[in-house]
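Engineer: Before we start, here is the structure in question, set down as structure tokens.
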Amino acid sequence: MRSLLLLGLDGASGYEPQTAILYGLRAVLLPTRALPTRALPTRVLAAQRIRSAVEPSWAPRDGWIPRGAPEPRGPPPGDRGGLCSSGVLDGGNVEHVKAEDSSAGLWQPRRSSHALLLIPIVLIVVITAVDQLVPEDVHLGPLLVIAPAITASFTGAWLTGVVGALAVTAQAYIGWHFGVLFSRNVLVQILALAVLSALSVVFCLVRERRQRQLAQVRSVAEAAQHGLLWPLPERMGPLQIACLYLAAEDEAKIGGDLYAATRITGGVRIMIGDVRGKGLSAIGEAALLLGAFREAAHRHATLPDLATTLDHSVTRYLADFEPTAEAGERFATTLLLELPDDDHIIRMISCGHPPPLLLSPHSALTVPSLHPAPPLGTMETGPEAYAIDAASFEPGDTLLLYTDGVIEARDRDGRFYPLETRVAQWNRSGPESLLHHIHRDLLAHTRGRLNDDAALVALHRHPDRHGHRRHGRVIHTSGFGQTP
């Protein structure tokens, strides 16, 4: 990850003229002050193009309501989580809360800045007027320095300079009004006010430069993280897929939890897993496991062969990169699934991973019985070490996959999140609505703060096996905020 960030920042000195023109036009047509309108580096722009391929610009910021789900009443407490979903947040399958024209949001910073700009202007007028009414031995002119100082806190260098110039002009007018414009005292006051205004402008320029650098770093980091955890297709064969990803670490989009799905001849293979650790420190193992699954899922005829290959890949990786102080302590739990198109069953292999939950609209929630093998990376084993467990998966059923970050989430009293109990009451919900309910309920249970990464994948089987393959977008969390 660090090398990817350095790669993105390496081109910070080069700019594309065409891009600068486009940014200038945007500044004229949609004037905002979110960031300076200087063109971004070429490699950062390339990273943004990668990110925009999986994150459309219409992504809702205020929330979302899946089709068929009841409208929520207000945001969940401390909700800084996000949905990574093909079915949850995809064009045509979701109604957005507070859906507004995107241009309205772009105008918002300018409106607020213009409203705040009235404060320093009013101060200049009031100080200038009052200074002429108070006794001659009272001098309020030095208070004009307040205007450019507060302007620098909410606007850019240009407007700060304008307010500073107005303050200097007001100070000069006060001196002229009393006939002492060229006195030593007034000239020193004017010079001091001009210097302080200039320093405020310099402060704004430095702040904007750092904001631009931070935006570049975040752009490259987000593109790299999105490229690691690909969006799952909305439909794969007879399956409708939706997923939810909540990263525990602030500013992180992904962590140690992972999922992947791929088509094979006559069916679908899916993996959900959890590597030891959380947040950015666990991304290395997660990336290895995702890459190994995507490469090997098509090459092995049976799930035991696939599990063996994944175990060998993790073992080799740990042998090369595992810190000496943590020897033998790193591993990955996974659940491998194979869902045939023409047979209403699920074949599963658990490598130390929690079993899925099976929801049927006509029966109670069931938990398939599994015979778990050791987690990946703990010991090199052969295909004979992995037992295949099968369960019925009829049309209309929903299978919920999850990581231990969900069931180990605690409330303020230390009680675990009762996933089975809560999910049982939503057994008639579709995959998008189901994850919507879990998302809000989990945040309410933990008061907006998770101690571990959490991922869920909901699979719904449709009678029609010829589903179209359409990719949704991925929105990962930036971590959870503090408890409200």
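Engineer: Could you give the length gained by full extension between Val217 and Ala364, i.e. 0.36 nm per residue of separation minus their alpha carbon distance, to one decimal place? Please report the intermediate quantities before stating the final value.
Structural biologist: Details: separation 147, 0.36 × 147 = 52.92 nm, distance 4.84 nm.
My answer for the length gained is 48.1 nm.
Engineer: Mind giving me the nanometre distance, one decimal, between the label points for Asp389 and Arg422, set 7 Å out from Cα along Cα→Cβ?
Structural biologist: Distance between label points: 2.3 nm.
Engineer: Using the Cα centre of segment 346-417 as origin and beta-carbon charges of +1 (Lys, Arg) and -1 (Asp, Glu), tell me which of Val367, Ala391, Thr381 is placed farthest towards the positive end of the dipole.
Structural biologist: Working it through, the farthest residue towards the positive pole turns out to be Val367.
Engineer: What is the calculated FRET efficiency for Asp411 to Leu196, with r their C-beta to C-beta distance and R₀ = 60 Å, to the nearest 0.05?
Structural biologist: Working: r = 52 Å, r/R0 = 0.86.
The calculated FRET efficiency here is 0.70.
Engineer: Follow-up question, since we're still on this one. Roughly how big is segment 326-395's charge dipole about its Cα centre, with Cβ charges of +1 (Lys, Arg) and -1 (Asp, Glu), in debye to the nearest 20?
Structural biologist: Values: 2 positive and 10 negative charges, 48 e Å.
That gives segment 326-395 a dipole magnitude of about 220 debye.
Engineer: Then there's this: Of the peptides 141-147, 210-216, 389-395, how do they stack up when ordered by the mean number of other Cβ atoms within 10 Å, highest first?
Structural biologist: 141-147, 389-395, 210-216
Engineer: Taking R0 as 45 Å, what FRET efficiency do you get between Asn451 and Val130 from their Cβ-Cβ distance, rounded to the nearest 0.05?
Structural biologist: Calculated value: 0.20.
Engineer: If you filter segment 366-448 for trypsin sites (Lys or Arg not before Pro), then keep DSSP loop positions with at most 12 other Cβ within 10 Å, what is left? Mind dumping the intermediate values first?
Structural biologist: Working: sites: Arg410, Arg412, Arg415, Arg422, Arg428, Arg440, Arg447; in loops: Arg412, Arg415, Arg428, Arg447.
When the trypsin sites (Lys or Arg not before Pro) of segment 366-448 are filtered for loop state and at most 12 Cβ neighbours within 10 Å, Arg412, Arg415 remain.
Engineer: With the Cα gyration tensor of segment 136-190 in hand, give its eigenvalues times 5 under a square root as the equivalent ellipsoid semi-axes, listed largest first in whole angstrom. If you can, show how the numbers build up before the last one.
Structural biologist: On the way: eigenvalues 115, 23, 12 Å².
The three semi-axes for segment 136-190 are 24, 11, 8 Å.
Engineer: Tally Lys/Arg at +1 and Asp/Glu at -1 over every other residue whose Cβ is under 10 Å from the Cβ of Gly382; what's the total?
Structural biologist: On the way: positive: none; negative: Asp305, Asp311, Glu380, Glu384.
Local net charge: -4.
Engineer: Using only alpha-carbon positions, what ratio does the radius of gyration of segment 153-269 give when scaled by 2.2 N^0.38 Å? Walk me through the intermediate numbers first.
Structural biologist: Working: Rg = 28.9 Å, N = 117, 2.2 N^0.38 = 13.4 Å.
Here the answer is 2.15, to two decimals.
Engineer: Tell me whether segment 345-469 comes out rounded, prolate or oblate; compute the Cα gyration tensor, take square roots of the eigenvalues as a ≥ b ≥ c, and use a/c under 1.5 as the rounded threshold.
Structural biologist: Numbers: a/c = 1.99, a/b = 1.09, b/c = 1.83.
Taking the square roots of the gyration eigenvalues as a ≥ b ≥ c, segment 345-469 is oblate.
Engineer: Considering every pair of different Cα atoms, what Kirkwood radius, in Å, is found for segment 296-396?
Structural biologist: One decimal place: 14.9 Å for the Kirkwood radius.
Engineer: If you stretched the chain out fully between Val138 and His114, how much longer would it get, using 0.36 nm times the residue separation minus the C-alpha to C-alpha distance? Kindly include the intermediate steps, with their values, before the conclusion.
Structural biologist: Working: separation 24, 0.36 × 24 = 8.64 nm, distance 3.22 nm.
So the chain would gain 5.4 nm between Val138 and His114.
Just so you know, all these numbers are worked out from the coordinates, no wet-lab data involved. All values derive from a computational prediction rather than experimental measurement. Cβ coordinates were reconstructed from backbone atoms using ideal geometry, including for glycine residues, and neighbour counts include every protein chain displayed.
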